[in-house]
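Laboratory data are not the source of any read-out in this text; all were calculated from the coordinates shown. The structure presented is a predicted model; accordingly, all values stated were derived computationally and were not measured. In this analysis, Cβ positions are derived from the backbone assuming ideal geometry, glycine residues included, and neighbour counts consider all displayed protein chains.
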Amino acid sequence: MDFSLNEEQKMMIDTVRRFIAEELKPLEDEIENNGFLDKAKAQAVHEKSKQLGLYAMNMPVELGGGGLSALDRILCEEQFGHTTDILIRRAFGNIYEPLLHCKGDQVERWLKPTVAGQRTCAITITESGAGSDAAGIKTHARKTDTGWVLNGSKHFISDGEWSDFFLVSAKTGEKEISMFMVDKGLPGFTVGKDQKMMGIRGTPHLELFFDNVPLEPLALLGAEGQGFKLAMSALNVVRLAQVGARAVGKASHVCELMVDYTNERKQFNTKIGDFQMIQQMLADSVIEINAARWMVYNAAWMLDQGHDAREQIAMVKVYAAETLGRVVDRAVQIFGGMGFCKELPIERYYRDARIYRIFDGTSEIHRTVVAKSVMKKGAALFDVNR
Ligand SMILES: Cc1cc2nc3c(=O)[nH]c(=O)nc-3n(C[C@H](O)[C@H](O)[C@H](O)COP(=O)(O)OP(=O)(O)OC[C@H]3O[C@@H](n4cnc5c(N)ncnc54)[C@H](O)[C@@H]3O)c2cc1C
């Protein structure tokens, strides 16, 4: 068993880390204060990142992407966690794996321009009446002589403002769900309000409304009725990368700040790191971050070996998200009043962390997946040498 990283991986991490520190971190305060990322600045980081080959790294090389393995992707995503959501989207892209199911003319129209960064796509599954129960959607598409007609609505759609097309899940039968690529600007397609959130400022979360939107036959992604399966299987790796690895990166970043502060801040004529209760918070954070990281790496390794890592990813989703929550909570405590004060970014990290336990499946849903699996498979889920 070899846990070391090779030279290429170390260089890749270093390049991403430097890009984030030099190009993205300086923009964070402005985004936080204004609530949005300036368009010209967004374009600039996008171009710079593309020049360095850092855009669309999760997409195959033959399409113009970086062709990273799951493990290499995770290593980058961990670094992405050091900055804020909207900057990751503009700099590195947020290209969802279900798009890889594009075939024929779909490839030139939707897939390739997205990998090239000329088009941006958002994924739209959630509706006001269907969140955890993603199969309980009401949006539906009816087949016509010329294609399909789409009706319904979605909400909480991240990055909906910048995106120029959407992967939309819609019922195409009593129990069948299909996935469609829907361009902004189609007749009957309207964008609603930006639903203001507690954190991740700068990323808009939009309502979308479909009122008899005509879709060409080409808009259907994958086979009819296979949309749910397609989305759920492809979103597994997204969950591991965008939630698991980023949570580990974010927690690591916050932990670094905690360590510095405990060494600098003095009370009662000694640094606060000398107090055992502060030390416990540091120790628990370090232990949990390391545990979460190895869970993430192990699940990525399993994907690269072609194993089904669904349960491991569900465990990662819970543990990494909750670790991040505990670490940022301790950070606020260790920073005391400055942890609550907007003069430092700690309170922002605290707010930004909260969503990790909710999106891409709540902790409760993923715990349910793990519990049901372990009741079926037994020790195979926790004793790997059985
Ligand atoms: C900032 C943000 C960004 C998002 N981005 C997107 C996006 O880009 N695209 C998209 O499609 N969606 C997006 N979402 C939606 C997100 O995935 C959902 O919010 C999430 O899946 C939970 O659904 P819900 O909010 O409807 O909560 P609900 O499903 O209503 O859950 C409410 C509570 O009930 C619990 N619960 C539900 N079912 C069960 C069960 N079976 N057992 C135990 N407990 C249960 C939940 O865990 C939760 O605690 C986003 C949401 C937010 C807040």
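For this structure, a couple of remarks:
- Within straight-line cross-link reach of LYS112, lysines at Cα separation under 21 Å, skipping those fewer than 8 residues along the same chain: LYS48, LYS50, LYS103, LYS184
- Quick note on the stretch 158-272: its Rg to Rh ratio, both from C-alpha atoms and Rh being the Kirkwood radius, is 1.21.
- For the stretch 188-347, the equivalent ellipsoid built from the Cα gyration tensor has semi-axes of 41, 23, 9 Å, listed from largest to smallest.
- Restricting the calculation to alpha carbons of the stretch 121-223 gives Rg and Dmax of 13.2, 45 angstrom.
- Once the chain from PHE3 to ASN385 is taken as fully extended at 0.36 nm per residue, the excess over their C-alpha distance is 135.7 nm.
- Inter-label distance for ALA40 and ASP183, nm, one decimal - labels placed 7 Å from Cα along Cα-to-Cβ: 3.0 nm
- In Hz, Karplus ³J(HN,Hα) per residue of the stretch 45-55 (6.51, -1.76, 1.60; θ = phi - 60°; x = Gly, Pro): 5, 4, 5, 4, 5, 4, 4, 7, x, 9, 8
- Inter-site label distance for ALA135 and ASN290 at 7 Å from Cα along Cβ, in nm: 4.2 nm
- Taking every alpha-carbon pair under 8 Å whose residues sit at least 6 apart, the stretch 130-219 reaches a relative contact order of 35 percent.
- Three principal axis extents describe the C-alpha atoms of the chain; from largest down they are 80, 55, 42 Å.
- On Cα atoms only, tilt of 70-80 relative to the major axis of the chain in degrees: 60 degrees
- Taking label points 7 Å from Cα along the Cα-to-Cβ direction, LYS196 and GLN279 give a separation of 4.5 nm.
- Note that the stretch 179-191 has calculated 3J(HN,Hα) couplings of 10, 10, 9, 10, 7, 5, x, 5, x, x, 9, 10, 9 Hz, one per residue in order, obtained from phi through the Karplus relation 6.51 cos²θ - 1.76 cosθ + 1.60 (θ = phi - 60°); glycine and proline are x.
- Computed over the Cα atoms of the stretch 7-99, the ratio of the radius of gyration to the Kirkwood radius (Rg/Rh) comes to 0.96.
- Near the amide H of SER158, within less than 5 Å, lie the amide hydrogens of LEU206, all on another chain or at least 5 residues away, with H placed in the peptide plane.
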